[in-house]
Structures are given as C-alpha cells and as structure tokens.
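Undergrad: Following this message is one structure expressed as structure tokens.
The values are calculated or read from the model by the stated rules, or taken from the named source; none is laboratory data. Keep in mind that what you see is a predicted model, and the values were worked out from it rather than measured. Glycine also receives a Cβ, built like all others from the backbone with ideal geometry; neighbour counts cover every protein chain displayed.
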C-alpha cells in the first residue's frame, strides 16, 4: 500500500479547501477595503464639519458689528475671500460670493439680538445650517465638486537639509 501524496486526502478535497481558502482571502480583502472606504468617508465628513465650523466662525466674527444687511454681506464676502485666500476677483468667484450671501445673512440674523432682528423685515430668518447646506448643494451642482474641498491644503514636500 502506497501513501497518498496529500497525506491520505483525495485531490477533490484539496481543491475544495483551496477554493475555500481563496474565497476567505477574497472576503477578507473586500472587508478591509470596505473598512478603509468607511474610514476615508468619515475622515472627509469630519474635515468638512470642522471647515464649515471655522468658516461660520470667521463670518460671524466679521458680521458681528454690521448694522445693516448690506454691510453684513460686504464683510461676510470679505471674510470668505480671506478664508479661501482669494486676492483677485473673477466672474466665477463673484458668482460664488453672490450665492454665499444667504449664508452671511443667516449668520448675521442669528447673531443679532432678537428685538433688532424682529425689526428688520428685509432679512428672512433662516437657520445657518440650512443656509450653508443649500449653498454647498448649489456649489456642488454648479461647480461639480464639494465647496469645502477648496480649503484642502497640500503641503509641498521639502527636501531634508542637514546642517
């Protein structure tokens, strides 16, 4: 009696176990990729949430002393330009600044005392969160990318210098 080359296990069994091992490997790879995709998605959501917060804080600081809606939109636009590091006006930037006015007015309206806001019929009360969500949706439709991606900062690789 001769020993079977697979230690007594038939070739059909080895083939099935090999297929099962490869299927388990493929399932693990797919799972790891789905986890990595989920982490990346959550990371981007966190980045955008903090960028949104920073932008609203900058606009709120800018419009804090504004007496009129016109003054608020002017200083709000300037704050947005500073945040985006825009130093020149273009047609596209003007369109974006015009669309951003609703966000600025919402921030300004929320920052005003209740009795002042009630006296100003020119400003329709809108929640800041709703105004910025509408603006971001408009931007993504009009431009084709998320608005807050404008704040992505890529740091150049610098050579290591030894002294």
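Okay, residues lined up against (1) over 21 Å from residue 143 (Cα atoms); (2) without any contact (Cβ under 8 Å) to a residue 40 or more places away in the chain; (3) in contact with a strand residue (DSSP E or B) (Cβ under 7 Å, 6 or more places away or on another chain):
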site: 20; (1), (2), (3): yes, yes, no
site: 34; (1), (2), (3): yes, yes, no
site: 69; (1), (2), (3): yes, no, no
site: 83; (1), (2), (3): no, no, no
site: 91; (1), (2), (3): no, yes, no
site: 102; (1), (2), (3): no, yes, no
site: 109; (1), (2), (3): yes, yes, no
site: 127; (1), (2), (3): yes, yes, no
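Undergrad: Only one of 76, 10, 65, 15 is surrounded by 13 or more Cβ atoms within 10 Å (Cβ to Cβ) and free of Cβ contacts under 8 Å to residues at least 60 places away in the same chain; which?
TA: On the way: 10 fails: surrounded by 13 or more Cβ atoms within 10 Å (Cβ to Cβ); 65 fails: surrounded by 13 or more Cβ atoms within 10 Å (Cβ to Cβ); 15 fails: surrounded by 13 or more Cβ atoms within 10 Å (Cβ to Cβ).
Testing whether each residue is surrounded by 13 or more Cβ atoms within 10 Å (Cβ to Cβ) and free of Cβ contacts under 8 Å to residues at least 60 places away in the same chain leaves just 76.
Undergrad: Among the listed residues 39, 96, 132, which satisfies the condition of being modelled with pLDDT of 95 or more, more than 17 Å from residue 148 (Cβ to Cβ) and assigned to a helix (DSSP H, G or I)?
TA: 39
Residue-wise test of (1) under 32 Å from the mean Cα position of the chain (by Cα); (2) not in a helix (DSSP H, G or I).
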site: 14; (1), (2): no, no
site: 29; (1), (2): yes, no
site: 43; (1), (2): yes, no
site: 67; (1), (2): yes, yes
site: 76; (1), (2): yes, no
site: 88; (1), (2): yes, yes
